[in-house]
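Data first, discussion second: the structure below is written as structure tokens.
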Amino acid sequence: MRRLIAAISFGLVVAAPAHACPQTQKAPGGPLPGAIEKHETPTIEELRFTGLRRIAPAAVAAQVSSRPGERFDRGQIEGDVRTLARLGWFESIQVEEAPCAAPFPRLPEDSQCMTLIFHLHEFPFLSKVEYSGSRLLSRKQIEKMLGDRKLTPGLGKPADPAALQRIAFAIRSGLNELGHPEASVRIAREEASSATVAVRFEINDGPLLRVRRVNFDGQPQVSTKLLRGQMRSIAPWKPLASWRGKNAFTREAYEEDRERILTYYQNHGFPEARIGGARVAKSSEPSRRWFPWPHESALAGLSVSIPVEAGPFYRFESAAATGALQQAAIERGRLPLSVSELDQGSAFSQQEIDKLRRLWMARVQSRSTEVDSLSSHSVDVMRTFNPENHTARVVFDLSGSPPYVVRRIEFVGLHRFSDRYVRRRILLREGRPIDERALEAGLLRLARTGYFKPIRKEDIHVRLDEATHTANVSIHVEEIGQQRASLVGGTGQFGSTLGIAYTVFDLLNREELLSAQLDGGPESLQITLGLAREGIFGTRASLAFSVFNNVIRPRFARGAQGPFFSSHTEGINVPWTYPLTSTDSLAVNYTLARTITEYPPASPSNVPGVTLGDVRSKVSSRSLGASWVRDTGNERVLFANSASGGWLGGGENVVRSSAEYGRIFRDPLFTPSGTWAFRTTFTGAGSYRGDMPFYARLFSGDELVRGLRPGELGPYAVTVRTPGNGVTTYPAAPAGANLLTAANAEYRFPLASGTEAAAFFDLGSGLLLPNWLGPTKPLLLGASNGVLHSSTGIELRWTVPGVQVPVRAYYALNVLRLNRFFSLPENSLFHAHNRLSSFGWGLGSLF
């Protein structure tokens with residue numbers, strides 16, 4: 001008998017002394033010693049598995065690739081051993097070769113055959129798991145943490161020591177994140193004679209040591225405030241740091257912050273910056289306590305010192321593209337790219353260089369799915385640094401070698417989500433050249449779903465094959481869960497709203513999204529239940545179905561005299577969306593709704609569908625709309641149109657149209673961190689048959705021009721009221737508008753702790769065109785129709801941590817406003833005026 005491979009324990013291959021195999025490993029297919037070293041390779045007659053107690057031999061045989069009747073292949077046997085070791089079932093594995101008792105059937109008599117015997121020593125089966133010693137983590141908390149990381153110990157399965165070590169490491173890591181860097185976990189095993197083992201994790205929490213100070217040593221060349229601003233994982237100075245886990249030190253958290261600091265240096269003129277490993281030491285700071293009596297105490301913690309060598313500061317001297325690169329872009333039918341963004345004298349920025357390189361790559365590569373010879377081009381960047389005057393020259397050139405083509409994309413860590421769901425959101429495609437920009441955009445798109453943790457650079461592994469010039473991309477994703485509850489908020493026609501949204505993904509195993517949302521404010525309430533699914537009918541389109549119930553009780557600017565009403569709308573909405581490109585999408589929407597509008601007994605006589613004495617009107621609506629959206633992140637274009645009534649049916653016959661353009665770009669003149677933002681919007685609605693419902697009018701205010709109250713952007717109209725005493729009055733109130741246009745400009749600059757400030761200038765006007773209203777027309781105060789309103793001021797925004805809903809507070813000065821008197825039919829004067837200045841607030845982004 002001969003032992004071929006011996007003593008594989010815990011996944012490690014150890015060559016044991018054997019009669020047949022020497023210690024020196026030979027390449028597969030080379031000569032074998034002893035009886036195997038023949039001119040003809042022996043044939044495997046039989047596979048035997050010994051030492052199995054609980055695991056069936058058939059289960060082991062299914063894991064190996066060697067089969068009876070095949071030629072003996074030493075490399076294949078070694079691969080089988082490694083495969084069995086990776087299962088975590090066996091403590092040791094030995095493979096033995098024995099001559100067969102009888103010649104193998106259907107083989108010549110002089111042919112050699114052999115029997116392979118796998119000697120296996122099983123791990124004992126896990127029968128019990130206990131967690132003891134921790135005062136911070138309960139058993140339920142530990143089990144939930146292990147379940148989230150897919151490390152739940154399997155009772156009734158082999159107790160793999162490597163898996164148990166991973167569990168111990170995960171528990172210790174969880175305690176580190178809670179501010180206990182000296183936590184330890186010991187694994188105690190108690191084996192029984194029945195080949196089972198009970199495991200107890202003995203946990204020592206260790207002392208609570210929060211990060212108290214973060215210092216930067218060496219030559220930072222940059223203020224401590226700016227460097228601290230780049231740290232997001234370890235940031236004890238941030239609000240609610242202890243609640244948010246920002247004052248705990250872990251190596252993983254430090255590496256994330258180290259990468260951010262290094263990126264900041266490389267994008268702000270320091271390409272040779274170096275950030276070393278953190279030096280962590282215990283520290284003690286005096287602290288004054290007031291309970292139960294005033295006294296001084298020592299506050300134990302950690303002091304983190306980060307060594308920084310910024311190196312010399314470099315500026316761009318010149319940037320150019322070679323003629324070959326420009327010619328390649330022209331051959332693709334695209335204009336050459338200007339490199340003027342790398343202005344002479346500006347600070348060196350690796351981010352700007354990478355951005356221009358990706359733009360050049362997009363110009364010299366084909367848009368088709370096939371990679372032809374012309375598109376097989378890459379772009380090289382040559383950076384030349386002059387150490388004497390500290391300048392950098394950048395040249396973009398056409399690479400002589402073709403780009404690496406993606407051969408395979410693999411996603412690791414998927415458990416609840418399918419591979420198809422993730423692959424559709426990653427813009428990088430197999431068979432196409434590697435596109436870093438598409439990969440980054442796809443990963444950001446995946447993170448925005450809220451079901452995955454942000455993917456970092458270390459989660460992406462690219463294996464290059466120089467021979468075939470291909471690349472295999474492996475992306476490790478970490479799921480958060482299929483259920484998610486979040487706070488939502490925003491600004492609407494009748495003020496700000498705040499609510500909660502709950503979503504469940506793939507509950508029916510059809511990659512569907514179930515959602516429920518409840519949000520409201522002082523003047524509105526909305527309840528929505530929805531069902532959505534992407535990839536409908538095997539395409540990239542998505543289809544949704546939602547049921548909604550809205551209640552609106554607006555309070556207008558002239559509250560005591562305004563036409564109070566309550567609008568209750570319920571119905572269904574079916575949107576269909578198709579992504580044309582990575583930035584463009586087309587949507588078609590069908591809505592079936594019924595609106596009940598209630599008025600007080602003294603209802604205005606000029607409201608369509610309501611006569612004196614009526615208290616409610618009912619209108620059914622069936623509308624069909626289409627929209628096109630382009631959203632690049634820095635630029636947004638929207639066109640939307642819809643029509644109701646006609647052949648669609650229903651009592652509402654209204655055409656609606658809207659358009660919006662917004663853009664944000666970095667400030668090229670003043671501060672590098674400042675940005676300019678612009679938006680223009682247009683909205684119109686009109687009736688083409690019958691009266692236009694009162695609720696269809698637009699009562700806009702500070703969502704378009706800050707400083708205005710709801711309804712003040714449109715004109716005023718005279719209403720007729722007959723209260724219970726029989727005395728007819730003629731008050732004036734906001735009449736709404738059916739044509740709105742506005743423009744907004746902002747200069748935004750970030751402040752500390754997620755706060756942003758913006759100086760703004762708003763301009764807008766609202767018109768009520770009587771010919772668009774149908775037969776019933778209000779008595780307008782003509783001079784108030786189409787008034788141009790304008791305001792300027794400053795706005796502060798704070799994004800609530802964990803909620804990601806911006807809270808806005810502004811002060812506006814109304815530069816152009818309505819301020820005049822009107823004579824009413826009862827010989828009284830009505831003073832229509834807007835406030836000169838006002839404070840306001842809102843939830844959600846304005847644009």
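The values are calculated or read from the model by the stated rules, or taken from the named source; none is laboratory data. Only a predicted model underlies this, so the values are computations on that prediction, with no experimental measurement involved. Every residue, glycine as well, gets a Cβ built from its backbone with ideal geometry; the counts of neighbours run over all protein chains shown. Only protein heavy atoms, including side chains, enter the accessible area calculation; ligands, DNA and RNA are left aside. Shrake-Rupley method; radii C 1.70, N 1.55, O 1.52, S 1.80 Å.
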**Prompt:** For GLY323, what charge total do you get from the other residues with a beta carbon under 13 Å from its beta carbon, if Lys and Arg give +1 and Asp and Glu give -1?
**Reply:** -2
**Message:** Can you compute the modelled spin-label distance between GLU202 and THR632, with each label point 7 Å from Cα toward Cβ, in nm?
**Reply:** 6.4
**Complete:** Excluding ligands, DNA and RNA, the carbon-plus-sulfur percentage of the accessible area of the range 740-779 with a 1.4 Å probe reads 70
**Complete:** To the nearest 0.05, the calculated FRET efficiency linking LEU498 and LYS453 through their beta-carbon distance, R0 being 30 Å, is 0.70
**Message:** Multiplying the sequence separation of LEU586 and VAL412 by 0.36 nm and subtracting their Cα-Cα distance, what value in nm do you get?
**Reply:** 59.4 nm
**Request:** Starting from the range 616-702, pick out the trypsin sites (Lys or Arg not before Pro) whose DSSP state is loop and whose Cβ has at most 13 other Cβ atoms within 10 Å.
**Result:** ARG689
**Prompt:** Counting only protein heavy atoms and using a 1.4 Å probe, what share of the accessible area of the range 625-732 belongs to carbon plus sulfur, as a whole percent?
**Reply:** 60
**Asked** ARG172 accessible area, nearest 10 Å², 1.4 Å probe?
**Response** 90
**Fill in**
Judged on accessible area alone, 1.4 Å probe, highest first, VAL787, VAL412, VAL308 line up as VAL412, VAL787, VAL308
**Message:** I'd like to check one number: the per residue accessible area of the range 174-275, probe 1.4 Å, reported in Å² as a whole number.
**Reply:** 50
**Request:** With both partners inside the range 354-487, how many of the DSSP beta bridges are antiparallel, as a percent to the nearest 5?
**Result:** 70
**Complete:** Share of Cα-Cα pairs in the range 392-519 beyond 26 Å, whole percent, is 41
**Message:** Loop only by DSSP, 15 or fewer other Cβ within 10 Å of the Cβ. Give me the chymotrypsin sites (Phe, Trp or Tyr not before Pro) in the range 676-761 that pass, ordered by residue number.
**Reply:** TYR688
**Request:** For the range 233-313, state which chymotrypsin sites (Phe, Trp or Tyr not before Pro) are in a DSSP loop and have at most 12 other beta carbons lying within 10 Å of their beta carbon.
**Result:** TRP243, TRP290
**Request:** Would you mind listing how long the range 612-668 runs along its three principal axes, going by Cα atoms, in whole Å with the largest first?
**Result:** 62, 29, 12
**Asked** With labels modelled as points extended 7 Å from the Cα through the Cβ direction, what inter-label distance (nm, one decimal) is found for GLN63 paired with LEU769?
**Response** 7.6
**Prompt:** What is the calculated FRET efficiency for ALA783 to GLU512, with r their C-beta to C-beta distance and R₀ = 60 Å, to the nearest 0.05?
**Reply:** 0.65
**Message:** I'd like the accessible area for THR224, computed on protein heavy atoms only with a 1.4 Å probe and all protein chains in place. Round to 10 Å², please.
**Reply:** 70
**Complete:** If the chain between ALA192 and ASP148 were fully extended at 0.36 nm per residue, the gain over the current Cα-Cα distance would be 12.8 nm
**Request:** Quickly work out the ALA759-to-ASP380 label distance, labels modelled 7 Å from Cα along the C-beta direction, and quote it in nm with one decimal.
**Result:** 4.7
**Quotient of C-alpha Rg and 2.2 N^0.38 Å, computed over the range 136-204** = 1.14
**Prompt:** Near GLY766, within a Cβ-to-Cβ distance under 11 Å, what is the net charge of the other residues, with Lys and Arg +1 and Asp and Glu -1?
**Reply:** 0
**Item:** Kirkwood-type radius of the range 741-838, with distances r between different C-alpha atoms, in Å
**Value:** 16.5
